[in-house]
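A short reminder: the numbers here are calculations on the coordinates, not readings from a lab. The shown structure was predicted, so the numbers you read here are calculated from the model rather than taken from an experiment. Quick reminder, even Gly has a Cβ in these numbers, built from the backbone with ideal geometry, and neighbours come from all protein chains shown.
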Amino acid sequence: MAEFLSFREGEAAQEPAVTVEAFTGQSNATAVRIEPGEDARELLPCLDRLALVEVNFPGFGDGRGYSAARILREAGYQGELRAVGDVLVDQIVAMRRCGFDSFRPDKPLDDAAVERALTRYADVYQKSVDGRSPVWAKRHPEKTDG
Amino acid sequence: MKILTGNDLVTGDVVWWAGDGWSRLVGDAVDVGERGDELARAEEAALRVVAPYVIDATVTDEGVRPAHIKDRIRALGPTVRPDLTLKPNDADAGNWVI
Amino acid sequence: MYRYDNYDQSIVEARVDEFRDQVQRRLTGALTEDQFKPLRLMNGLYLQLHAYMLRVAIPYGTLSGRQMRKLGEIARKYDKGYGHFTTRTNIQYNWIKLADAPDILAELAGVEMHAIQTSGNCIRNISSDQYAGVSADEVADPRPWAELLRQWSSFHPEFTYLPRKFKICVIAAEEDRAAMRLHDIGLKLVERDGAIGAEVYAGGGMGRTPMVSPQIRDFVPEDEIVSYLEACLRVYNRHGRRDNKYKARIKILVHELGVEEYKRQVEEEFAHMRTLGLNPPTEELDRIRAHFAGPDYETGLSDAIDRSDPAFALWVDRQVVAHRAPGYAIVNISLKPRGGIPGDASAEQIELVAALAEQYSLDELRVTHAQNLVLPHVRKADLYAVWQKLDEAGLAEANLDLITDIIACPGLDYCSLANARSIPLAQKLSERFAAQDRQAELGELKVKISGCINACGHHHAGHIGVLGVDRKGVENFQLSLGGSGAEDASVGQITGPGFSEDGVVDAIEKVTDLYLAERQEGERFLDTYRRIGMKPFKEAIYG
């Protein structure tokens, strides 16, 4: 069972994450934690000094964190993007597609179940921030670079 | 009286707590007193029932009668398809739910 | 019709495998009901009053004969021999066993069908016009767009845990047969400078707070529709309320922010989204469009119809409408027989319609939001044969858009959310107004019944609407007048205190009597109501 999952090269960021308010009010923190009601766009001016963004999912049914993640990746954020909280194996695929590359779930995840989930769908319909080529791009390779 | 109801986890059938197990017949339902919530948790954990809940009921000449129309319809079946209720040969069975 | 390629097929098969795994985890206790519930809902599996209920998607209401036959087979094999067509043009089975659900999905996948996102707080089945591709008044067939959006919305990574469910409708005709402006987002295809694009409406819906959607954009080009909708959804996902499920739909957001502010935020987000390469190339819409290219209609067919059988002639006048191809007609099949259950069809009826579609309608049929079926391409010369077969199966009722063509949700006979039974009321109304000449005299009159405030029976959009409520444990029915789901969309107004089941039937009779007394030449019920207002109707009802 995995208490922490990472899909990044190298060490996971260790610095404790501060709140968005604390982060935007000071300049030396390199890790921040976004709560569901908070706007990830506030972080965009300072992406270059961030090593870790944690996105909290107090309940898996609140999907605002998916937008937060994608917004950060769309803006070019390259650091660690970690989903924390009520993170279940059934949400991992969508989270990976929105740019999350590490996970600290409240309850440990079964490694085999995670592996099955991540390999189950060979194809996806949408372009997102995970670099996967959507089926429309595969259908028209000459028309898309992607 | 208080009775405990829910649906069978696997089949989805409406079931009633009958004291030593679950029955599809509301007439078998027994008074669970104050033990309903505890029983519900244990039975749900044992994967024998889904979405159990305790309801009020009375005992009438016709047997156990849930207090709310919703549970009477659950006890009988869809009133618009008498053939699919638990009393397919009773043309007036639908009146019982009202 | 659209046919899956290997990509589409592999995705629905992966879904079957995933759901099988989820069901297995539930049955062994690895998933609690709280964890499983949103997963099963996202695959259309509910726990209803009597059993599990499975809602199967019928994307934009279009089916082949083979798919329809499979729906009949599932009814027979896994259910109790029938299914229920819904106001979302889907089909529901009422008696499903949890352990069977993965096998049913596997059977559906075998005919290019699924139950993906037929419930849950995600983008639901895309709905469209039942006459798409065959009506003379459309600028383009809206179904290629609907299919493009079906694919885009399937397992969308960002929009699977929205504040609430999200319904999108695409139409392309002036006449709105799909209640487009009562959807979370409505698209109406229009032509501008020779190019097809979409007018976009946002924030419509029924439920507790019915609203007709305002327009938020007058044109989105076809090659940017995906990025525009991503912008609409992202703003909704960000700001839609999550503190109160009754205020979580986009209609509340648009209302609370104001249309202008919602539009401003969408435009801001769209400016960003359009830089991300999210839109499929035009070749993809062209590829999908090729699937919907008109079938090869025969030419030189006669438009003559032998009307010598009066029962047939009556049915033709009521159920058959003009097709754009000479010699062809669109046949509406009523699922509202006298005293019957609106939208229900037996396995035998489903299989018969499948066979008729194959033999007489170029292997295609449609489901309507009014819970009826359509054979879209029938040669006029075949109408009599089709009618005879429908008649034998109890499917030749001639009541399209008449007072007995009632929309009704399953209500408290089946649904765990309901407060009152809808179907018995529909049956009583159907009996009360059964006389053909009386129905014809009343003309177009849309009666819609919901068993609770969620409004699956579209009561807000009924010319006459009925809402079932629970009054101290007793079923009670509120009457409303003046709603419409068509291009003149409006929300009905409640007449006053509610009624018993018999009481509301009597009240509706008084309403129709007053209409007959007051109407002017050419007025439908709705027109008369709009002209004279609620007051005289109230007096007639409560006088």
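When the Debye formula is applied to the Cα atoms of the stretch C:6-109, each taken as the same point scatterer, what base-10 log of I(q)/I(0) results at q = 0.23, 0.24 Å⁻¹?
-1.40, -1.48
Considering only DSSP beta bridges whose two residues both sit in chain C, what percent are antiparallel, to the nearest 5?
Around 80 percent antiparallel, to the nearest 5.
Please give the average number of partner chain Cβ atoms lying within 10 Å of the Cβ of each residue in C:275-282, rounded to a whole number.
5
If you check each cysteine of chain C for another cysteine whose beta-carbon is under 4.7 Å away, which ones come up empty?
Within chain C, the cysteines lacking a partner Cβ under 4.7 Å are C:CYS122, C:CYS169, C:CYS232, C:CYS415, C:CYS452.
Quick one: work out Rg over Rh on the C-alpha atoms of the stretch C:61-180, Rh as Kirkwood radius.
Using only Cα positions, Rg/Rh for the stretch C:61-180 is 0.99.
Provide the gained length on full extension for the span C:ALA385 to C:GLU509, in nm with one decimal, where the gain is 0.36 nm per separating residue minus the Cα-Cα distance.
Here the answer is 41.0 nm.
Quick one: divide the alpha-carbon radius of gyration of chain C by 2.2 N^0.38 Å and tell me what you get.
Taking the Cα Rg and dividing by 2.2 N^0.38 Å, one obtains 0.94.
Once you order the gyration tensor axes a ≥ b ≥ c over the Cα atoms, which shape class does the protein assembly as shown get: rounded for a/c under 1.5, otherwise prolate or oblate by comparing a/b with b/c?
Cα axes put the protein assembly as shown in the oblate bin.
Please give the per residue volume of the convex hull enclosing the alpha carbon atoms of the stretch C:487-543, rounded to a whole number of Å³.
Spread over its residues, the Cα hull of the stretch C:487-543 gives 91 Å³ apiece.
Just need log10 I(q)/I(0) for the stretch B:2-97 at q = 0.12, 0.26 Å⁻¹, Debye formula, equal scatterers on the alpha-carbon atoms, no solvent, rounded to two decimals.
One equal scatterer on each Cα of the stretch B:2-97 leads to -0.36, -1.40.
In whole Hz and in residue order, list the ³J(HN,Hα) couplings for the stretch C:369-381 that follow from phi through the Karplus curve 6.51 cos²θ - 1.76 cosθ + 1.60, θ = phi - 60°; x for Gly and Pro.
So the J values, rounded to whole Hz, are 5, 8, 6, 10, 10, 9, 9, x, 9, 10, 5, 4, 5.
Give me a single rounded figure for B:2-12: the average over its residues of other chain Cβ atoms within 10 Å of their Cβ.
If you average over the peptide's residues, the count of other-chain Cβ atoms is 5.
Distance between the C-alpha centers of the stretch C:243-296 and the stretch C:161-196? Whole Å please.
Going from one Cα centre to the other spans 10 Å.
Considering only DSSP beta bridges where both residues belong to the stretch A:5-139, give the percentage that are antiparallel (nearest 5).
That works out to approximately 10 percent antiparallel.
Rounded if a/c is under 1.5, else prolate if a/b is larger than b/c, else oblate: which is the stretch C:268-397, with a ≥ b ≥ c the root eigenvalues of its Cα gyration tensor?
The shape class here is prolate.
As a test of the formula, what do you get for chain C when each DSSP H run with n ≥ 4 contributes -39,500 (n - 2.57) and the sum is divided by the residue count, at 222 nm and rounded to the nearest 500 deg cm²/dmol?
-11500 deg cm²/dmol
Given the C-alpha centroids of the stretch C:54-70 and the stretch B:12-76, what is the distance between them in whole angstrom?
The two parts, judged by their Cα centres, are 37 Å apart.
Suppose only helical runs count, i.e. DSSP H with n ≥ 4. What mean residue ellipticity at 222 nm does that imply for chain B under -39500 (n - 2.57) per run, divided by all residues and rounded to the nearest 500 deg cm²/dmol?
-5000 deg cm²/dmol
Could you bin all the Cα-Cα distances of the stretch C:134-289 into 10 Å bins starting at 0 and give me the percent of pairs in each, rounded to whole numbers?
The percentages, shortest bin first, are 11, 42, 37, 10, 0.
For peptide C:423-434, compute the average count of partner chain beta-carbon atoms within 10 Å of each residue's beta-carbon.
1
Is chain A rounded, prolate or oblate when judged by the Cα gyration tensor, a ≥ b ≥ c being the square roots of its eigenvalues, rounded requiring a/c under 1.5 and prolate requiring a/b larger than b/c?
Judged from the Cα gyration tensor, chain A comes out oblate (a/c at least 1.5, b/c at or above a/b).
Can you list the HN-Hα couplings for the stretch C:289-306, worked out from phi with the Karplus curve (6.51, -1.76, 1.60; θ = phi - 60°), rounded to whole Hz and with x for Gly and Pro?
4, 4, 5, 9, 3, x, x, 7, 6, 5, 10, x, 6, 7, 8, 6, 10, 6
In the stretch C:220-255, which GluC sites (Glu not before Pro) fall in coil by DSSP and have 13 or fewer other Cβ atoms within 10 Å?
Those that pass, being in a loop and sparsely packed, number zero.
Using all Cα-Cα distances in the stretch C:409-542, what percent lands in each 10 angstrom bin from 0 up to the longest?
13, 46, 34, 7, 0
Take the alpha carbon atoms of the stretch C:401-455, find their radius of gyration, then divide it by 2.2 N^0.38 Å using N residues; give the quotient.
Taking N as the residue count of the stretch C:401-455, the ratio is 1.21.
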